[in-house]
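Contents: one structure, followed by commentary.
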Amino acid sequence: TATDESRLKIALDEIPDGRYKLYADIANNEKGCSFSLWQGKKQVSEWISTGRPGKEERVPMLLTGEIAIREFYRSLTIRFKTSPVANTFLLSRFIFVRENK
């Protein structure tokens, strides 16, 4: 569960420098909140809602944005928008697809 003040910071130290398309495997559900991805102070994805009525539904390979990994930009932060009835976030994995130079 999350609040509007929640942040989830992910270190990217093991990923080589370069530009990447970033995909996420998430699940939509009745209590799903919205999330956005940030690199430093730069927002790299739109706000994405995971709230859907009915049964939980997996959403594989959702394109969430593009990032550049380089010195001083080696982390990714997930921010949340929630409400009292929409405060869950279900993430299976992130997939980084490196762009050719």
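The values are calculated or read from the model by the stated rules, or taken from the named source; none is laboratory data. As the structure is a computational prediction, the values presented were derived from the model and not from experiment. A quick note on method: Cβ atoms are made from the backbone with ideal geometry, for glycine too, and the neighbour counts reach across all protein chains shown. What goes into the accessible areas is simple: the full protein's heavy atoms, side chains included, and nothing from ligands, DNA or RNA. Shrake-Rupley method; radii C 1.70, N 1.55, O 1.52, S 1.80 Å.
Figures for the structure shown
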| item | result |
| --- | --- |
| Pick from the range 62-101, criterion surrounded by fewer than 14 Cβ atoms within 10 Å (Cβ to Cβ) and of a type in the set (Gly, Ala, Ser), ranking: farthest from residue 21 (Cα to Cα) | 83 |
| Selection within the range 30-78 - within 17 Å of residue 6 (Cβ to Cβ), in contact (Cβ under 8 Å) with a residue 24 or more places away in the chain and part of a strand (DSSP E or B) | 32, 34, 35, 36, 37, 38, 51, 75, 76, 77, 78 |
| When residues of the range 21-45 are limited to those that are over 10 Å from the mean Cα position of the chain (by Cα) and within 20 Å of residue 68 (Cβ to Cβ), the one surrounded by the most Cβ atoms within 10 Å (Cβ to Cβ) | 39 |
| So residue 9, is it within 22 Å of residue 74 (Cα to Cα) and modelled with pLDDT of 95 or more | yes |
| Residues of the range 4-20 satisfying the condition of being more than 7 Å from residue 69 (Cβ to Cβ) and within 15 Å of the chain's Cα centre (by Cα) | 4, 6, 7, 8, 9, 10, 11 |
| Sole exception among (1) in a strand (DSSP E or B); (2) free of Cβ contacts under 8 Å to residues at least 24 places away in the same chain for residue 5, by number | (1) |
| Hey, residue 59 open to solvent by less than 50 Å² (accessible area, probe 1.4 Å) and modelled with pLDDT under 95 or not | yes |
